[in-house]
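Worksheet: the structure to be examined is printed underneath.
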Amino acid sequence: MNTSIYIAKRYLFSRKKMNAINIISGISIAGVLIGSAALIIILSGYNGLEQTIFSLYSNFSPEIKIEPKIGKTFNPDTGYFNTLKNDAHIYSYTKELREKVLIKYDGRPIIGTILGVDNNFTKNKQLDSIIVNGAFILKNQKQDYAVIGSLIQSSLGVSVRDQLRYLEIYSPRTDAGNGANPLNEFVLKTITPSGVFATTPDFDNLVITPIDFVRDLLNQPLNVSAIDINFKKGTDIEPIQDLITEKLGNNFTIKNRGEQNAELYKTLNYEHLIIFLILTFVLIIAIFNIIGSLTMLVIDKRLDIAILTSLGANKTLIPRIFFFEGMMISMLGCVSGIFLGLVFCILQKKFSLIKMGTNATGSDAYPVALKGSDFILVFLTVLIIASIASLISSRLSIKGLNNVKDDL
């Protein structure tokens with residue numbers, strides 16, 4: 001074993017006596033342990049929140065969305081689209097038609113968005129998980145139904161159990177003029193609500209219906225607003241997105257899920273970085289306590305240092321002893337903290353120790369998601385900061401060494 005490591009280990013783990021230096025070293029280890037565990041727990045908790053948010057958005061944000069660059073609609077039954085919908089990689093190919101409309105229920109009005117979708121939309125197995133009342137039914141025995149967002153439901157007081165009252169959907173006529181009665185300038189269609197869903201504010205103002213219902217309402221027999229594509233598991237989406245972009249040219253925008261929610265992803269990434277930097281700053285404070293511990297250890301062991309020097313130890317060995325001492329303190333705290341954080345996250349996932357106070361996501365437990373990159377990041381962060389702190393402390397060990405040798 002390396003001499004400097006052996007002596008550093010003896011200083012750290014010696015049980016011959018327990019003095020203030022040992023206590024301070026223990027406090028330093030505890031500080032690094034708590035800081036490392038906090039980083040793992042909070043980063044894992046934030047990962048869990050991210051996954052929960054993304055899962056809520058994924059119900060209405062497909063893996064690929066195709067929209068026209070100019071205008072609001074396009075014909076999806078021409079050219080490359082007929083080939084694309086038969087691609088073997090595709091799990092669901094959904095046509096959608098959406099528009100802002102006036103919605104009335106029991107005399108109360110609200111402006112919302114109607115979203116017409118074809119049968120492929122219901123291939124999403126997660127839709128039932130966002131239903132808070134009723135069921136996700138769009139068509140039953142040739143009768144059309146609407147599934148509404150929680151904002152629409154709360155604003156209008158919609159009851160899905162009352163099958164005798166309907167949602168009234170108003171849309172301006174394409175040939176509207178300046179008639180005496182403004183209501184004559186609107187197309188009115190009624191539909192029965194079958195369920196209420198709750199996800200995020202971006203989607204809670206939606207009224208989802210079969211696409212044929214919206215086609216009749218908007219007098220749009222062929223065109224659609226967008227095509228939503230989801231792929232089979234294991235599909236590499238990026239090259240497919242590039243191919244679709246190349247085939248469709250400049251008349252369409254082809255966005256993946258991140259591009260559809262660019263601001264959300266950017267905000268979450270910034271928040272993740274800020275949280276990491278704040279916790280790293282706390283960890284820096286904890287690790288730099290090692291400087292105090294090693295400074296006191298150097299003072300306490302000055303006689304030992306002088307003896308080692310007299311026996312032939314050079315000025316390289318002495319600093320290395322205290323450098324490895326600081327690294328042992330940091331690594332012991334880091335590894336213990338990472339393990340503690342891992343155990344806590346596993347217990348949280350299994351036993352739901354911390355509650356969120358809501359079950360809108362299907363569970364009231366605070367979500368956590370473990371990522372190997374977080375463990376590596378925390379370990380490397382502690383390693384770098386500990387190296388700097390230990391290097392600073394080790395330099396103190398050779399200051400005034402000649403005076404101690406003279407006294408000896």
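Quick note: the coordinates plus some simple rules give every number you see, no bench work behind them. Computed from a prediction, not measured in an experiment: that's the story for all the values here. Don't worry about glycine lacking a Cβ; one is built from the backbone with ideal geometry, like all the others, and counts go over all protein chains shown.
Of the peptides 48-54, 384-390, the order by per-residue mean of other Cβ atoms within 10 Å, starting with the highest, comes out as 384-390, 48-54. Pairwise Cα distances in the chain exceed 28 Å for 63 percent of all pairs. Taking Cα atoms only, the orientation of helix 237-248 departs from the longest principal axis of the chain by about 40 degrees. For the range 195-268, the set of chymotrypsin sites (Phe, Trp or Tyr not before Pro) satisfying both a DSSP loop assignment and a count of at most 13 other C-beta atoms within 10 Å is empty. To the nearest 10 degrees, how steeply does helix 20-58 sit against the main Cα axis of the chain, on a 0 to 90 scale? Computed tilt is about 10 degrees. Just to confirm a number: summing +1 for Lys and Arg and -1 for Asp and Glu over residues other than E99 whose beta-carbon lies under 12 angstrom from that of E99, what do you get? Combined, the nearby Lys, Arg, Asp and Glu give +3. By the helix-only formula, in which each DSSP H run with n ≥ 4 contributes -39500 (n - 2.57) and the sum is divided by residues, the chain has a 222 nm mean residue ellipticity of -16000 deg cm²/dmol. Against the chain, whose longest principal axis comes from its Cα atoms, helix 317-351 is set at around 30 degrees. Mean sequence separation of contacting Cα pairs (under 8 Å, at least six apart), scaled by the length of the range 64-257, corresponds to a relative contact order of 37 percent.
Shown here for the range 233-281: GluC sites (Glu not before Pro) in loop regions (DSSP other than H, G, I, E, B) with at most 12 other Cβ atoms within 10 Å, of which there are none. Taking only alpha carbon atoms, the range 213-276 gives an Rg to Rh ratio of 1.12, where Rh is the Kirkwood radius.
Converting the Cα gyration tensor eigenvalues of the range 1-109 into ellipsoid dimensions via √(5λ) gives semi-axes, longest first, of 65, 23, 10 Å. Compute the Cα gyration tensor for the range 48-123, then decide on rounded, prolate or oblate, letting a ≥ b ≥ c be the square roots of its eigenvalues: rounded whenever a/c is under 1.5, prolate when a/b is larger than b/c in the other cases, and oblate in all that remain. Judged from the Cα gyration tensor, the range 48-123 comes out oblate (a/c at least 1.5, b/c at or above a/b). In terms of its C-alpha gyration tensor, the range 64-257 comes out oblate, because a/c is 1.5 or above while a/b does not outweigh b/c. The spacing between the range 304-381 and the range 111-167, judged by their C-alpha centroids, is 49 Å. Of the trypsin sites (Lys or Arg not before Pro) in the range 246-339, the ones in a loop by DSSP (not H, G, I, E or B) with at most 16 other beta carbons within 10 Å are K315.
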